[in-house]
Amino acid sequence: MTHTVLMIEDNANNALLVKRILTAQAIEVLHAWTGESGLQMAVENQPDLILLDLGLPDIDGQTVATLIKRMPPLAGVPIIAVTAWPVETAQDMVKAYGCDAYIAKPINAKDFWAVVQTHLKK
């Protein structure tokens, strides 16, 4: 079974790294550059997992996560926050906004894949 991951990320270097890691595992990657386009893509494509940058240019990641969790068809989709925030701040935000986990930037490919894999299996 092929999994689909929606990545909402405005940094081209991070997006490229994430895409390389996931496509190497035969995962289809959808990429939205903004929170607004990410919400639209989430509704249209019903991904298996959402990777969400918390610092987006238009809508902050917390708002995006909250909106996704309120949409019945998407409520069960795991959301992993991807952020350069300090660990404690990131952990607090993950809980406060209903994300399922977080991945620290800069991204470590091995750690990143371990977290993604765990949440794709749910």
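Miscellaneous remarks
- Given (1) of a type in the set (Phe, Trp, Tyr); (2) modelled with pLDDT of 95 or more; (3) under 21 Å from Gln117 (Cβ atoms), index of the condition Tyr102 fails: (2)
- The residue that is surrounded by the most Cβ atoms within 10 Å (Cβ to Cβ), counting only those in region 93-116 that are more than 20 Å from Arg70 (Cβ to Cβ) and in contact (Cβ under 8 Å) with a residue 24 or more places away in the chain, is Val116.
- Lys69 being over 18 Å from Leu16 (Cβ atoms), surrounded by 14 or more Cβ atoms within 10 Å (Cβ to Cβ) and basic (Lys, Arg): yes
- When every residue of region 34-53 is checked against the conditions, at least one turns out to be among the hydroxyl-bearing types (Ser, Thr, Tyr), assigned to a loop (DSSP other than H, G, I, E, B) and either surrounded by fewer than 15 Cβ atoms within 10 Å (Cβ to Cβ) or under 14 Å from the mean Cα position of the chain (by Cα) (or both).
- Condition met for Leu17 (part of a helix (DSSP H, G or I) and in contact (Cβ under 8 Å) with a residue 40 or more places away in the chain): yes
- Residue check, Ala90 farther than 23 Å from Thr2 by Cα and either free of Cβ contacts under 8 Å to residues at least 60 places away in the same chain or of a type in the set (Ser, Thr, Tyr) (or both): yes
- Number of positions in region 99-116 that are closer than 13 Å to Leu51 by Cβ, outside any strand (DSSP E or B) and not charged (D, E, K, R): 6
- Test: residue in region 21-33 that is in a helix (DSSP H, G or I), at pLDDT 95 or above and in contact with a strand residue (DSSP E or B) (Cβ under 8 Å, 6 or more places away or on another chain): yes
- If the condition is being in a helix (DSSP H, G or I) and more than 22 Å from His3 (Cβ to Cβ), then region 54-79 contributes Gln62, Thr63, Thr66, Leu67, Arg70.
- Condition met for Asp92 (at pLDDT 95 or above, more than 14 Å from the chain's Cα centre (by Cα) and more than 23 Å from Ala26 (Cα to Cα)): no
The values are calculated or read from the model by the stated rules, or taken from the named source; none is laboratory data. The model shown is predicted, which means the values in this text are computed figures rather than measured ones. Here the Cβ is made from the backbone with ideal geometry for all residues, glycine too, and neighbour counts use every protein chain on show.
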